Amino acid sequence: MKNLALVFKTNSKSTMTITLANPRDNVTLDEVKAAVAKMIPVLVTSAGADVTDLEKATVITTSEEELA
């Protein structure tokens with residue numbers, strides 16, 4: 001299973017993370033940055049802080065193994 005984790009900076013010196021399940025295998029940082037540019041103006045943390053910038057984007061891969 002794969003997730004795309006987007007970590008954003010806020011104007012209150014905190015971060016906000018959004019995790020998206022099953023990103024496309026060949027997604028690029030440029031594509032992520034283009035999509036994030038559209039998201040940032042409408043993102044606000046639960047504490048009311050505005051999101052200002054993308055700090056990092058990572059793909060997290062997990063695997064599952066059934067115990068016998």
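In the chain, a dipole from Cβ-located charges (positive for Lys and Arg, negative for Asp and Glu) runs towards its positive end, and of I18, V36, S63 it is V36 whose Cα lies farthest in that direction. Note that region 35-43 has calculated 3J(HN,Hα) couplings of 5, 5, 4, 7, 7, 3, x, 10, 8 Hz, one per residue in order, obtained from phi through the Karplus relation 6.51 cos²θ - 1.76 cosθ + 1.60 (θ = phi - 60°); glycine and proline are x. Per residue, the accessible area of region 1-66 comes to 73 Å², computed with a 1.4 Å probe over protein heavy atoms only. Among the trypsin sites (Lys or Arg not before Pro) within the chain, those in coil by DSSP and having at most 14 neighbouring Cβ atoms inside 10 Å are K13, R24. Roughly to the nearest percent, how much of the accessible area of the chain is carbon and sulfur, given a 1.4 Å probe? Percent of accessible area from carbon and sulfur atoms in the chain: 52. Simple point charges give the picture: +1 on the Cβ of Lys and Arg, -1 on the Cβ of Asp and Glu, and for the chain a dipole about the Cα centre of about 340 debye. Using a simple spin-label model with pseudo-atoms 7 Å out from Cα toward Cβ, A34 and N3 lie 2.7 nm apart.
Under Stokes-Einstein, with the Kirkwood radius over Cα pairs as Rh, the value for the chain at 25 °C and 0.890 mPa s is 187 µm²/s. Can you compute the label reach from N11? Point 7 Å from Cα along the Cβ direction, backbone N cut-off under 16 Å, restricted to region 17-46. Label zone hits: 40-46.
What 222 nm value per residue comes from the helices of the chain, counting each DSSP H run with n ≥ 4 as -39,500 (n - 2.57) and dividing by all residues, nearest 500 deg cm²/dmol?
Numbers: 1 runs with 11 residues, N = 68.
Theoretical 222 nm ellipticity from helices: -5000 deg cm²/dmol.
The values are calculated or read from the model by the stated rules, or taken from the named source; none is laboratory data. All figures in this text were calculated on a predicted structure; none of them were measured in a lab. All Cβ positions, even for glycine, are placed from backbone atoms using ideal geometry, and neighbour counts span all protein chains on display. With ligands, DNA and RNA removed, areas are computed over all heavy atoms of the protein, side chains included. Shrake-Rupley method; radii C 1.70, N 1.55, O 1.52, S 1.80 Å.
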